[in-house]
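One structure is given here, and the rest of the page talks about it.
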Amino acid sequence: MANKGEGAMITAMLDEARIVKNYLGKPKKAIKLCDEILEISPNNKDALLIKAGGLGELFEYNKSDEILSFVMQKYPDDWEAYWLYASHCFAREEDEKALEKINKSLELR
């Protein structure tokens, strides 16, 4: 468990990673930030999801899906992991699998 100072630093780094990925459109930089967070907090769900989203934007679906599978196993009630995984399935034209994951995401959301 992170101490208060470390927790605040991780929160700031997550905020930066989200801005860099979602608003500045720089998934590689966001992935790098997430890797730094994951060195401190290896199972940080938010860093894993941001990294998986960034890898998806770079069309590195296999790497992203590996992370998302881990997140779905470790945090089975997290809707976002299923949604991201579904988007990758749609991109690969795995429509039935995608619909299964999107339905699970909606069920959890």
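The values are calculated or read from the model by the stated rules, or taken from the named source; none is laboratory data. Bear in mind that the values here come from a model prediction, so they are computed numbers and not experimental data. Note that we place each Cβ from the backbone using ideal geometry, even for glycine, and neighbour counts take in every protein chain shown. Note: areas computed on protein heavy atoms with side chains; ligands, DNA, RNA excluded. Shrake-Rupley method; radii C 1.70, N 1.55, O 1.52, S 1.80 Å.
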Report summary line: Dipole check, the chain, charges on Cβ (K,R +1; D,E -1), about Cα centroid: among Leu14, Ser87, Ile50 the Cα furthest to the positive pole belongs to Leu14
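In the chain, carbon and sulfur make up what percent of the accessible area (probe 1.4 Å)? Write out the running numbers ahead of the final one.
Working: 3460 of 6790 Å².
Here it works out to 51 percent.
Do the alpha carbons of any pairs in Lys63/Lys97; Lys4/Lys104; Lys4/Lys45; Lys51/Lys74; Lys29/Lys101 sit beyond 25 Å of each other, and which pairs?
Working: Lys63/Lys97 18 Å; Lys4/Lys104 34 Å; Lys4/Lys45 18 Å; Lys51/Lys74 16 Å; Lys29/Lys101 28 Å.
Cα-Cα > 25 Å for Lys4/Lys104; Lys29/Lys101; rest within.
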Query raised in the report: Using the alpha-carbon atoms, what tilt in degrees (0 to 90, nearest 10) does helix 27-40 show relative to the longest principal axis of the chain?
Result: 60 degrees
Requested in this report: Indicate the gyration tensor shape class of segment 52-109 (rounded, prolate or oblate), computed on the Cα atoms with a ≥ b ≥ c the square roots of the eigenvalues: a/c under 1.5 is rounded; otherwise a/b larger than b/c is prolate and the rest oblate.
Outcome: oblate
Report summary line: Once all protein chains are kept in place, Ile19 shows an accessible area at probe 1.4 Å, nearest 10 Å², of 90 Å²
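Calculate the all-directions average of the projected area of the chain's alpha-carbon convex hull, and give it in nm².
6.7 nm²
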Query raised in the report: Which of the aspartates and glutamates could a cross-linker span from Lys32 if the Cα-Cα distance has to be under 19 Å and same-chain partners fewer than 8 positions apart are dropped?
Result: Glu6, Asp15, Glu16, Asp46, Glu57, Glu60, Asp65, Glu66
Query raised in the report: Leaving out ligands, DNA and RNA but keeping every protein chain, what accessible area does Arg92 have, in Å² rounded to the nearest 10, with a 1.4 Å probe?
Result: 80 Å²
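Using the crude model of +1 on Lys and Arg Cβ and -1 on Asp and Glu Cβ, and no other charge, please compute the dipole size for the chain relative to its Cα centre, in debye to 20.
Numbers: 16 positive and 20 negative charges, 65 e Å.
It comes to approximately 320 debye.
Largest first, what is the accessible-area ranking of Lys104, Lys28, Lys51 with a 1.4 Å probe?
Most to least solvent-accessible, the answer reads Lys28, Lys104, Lys51.
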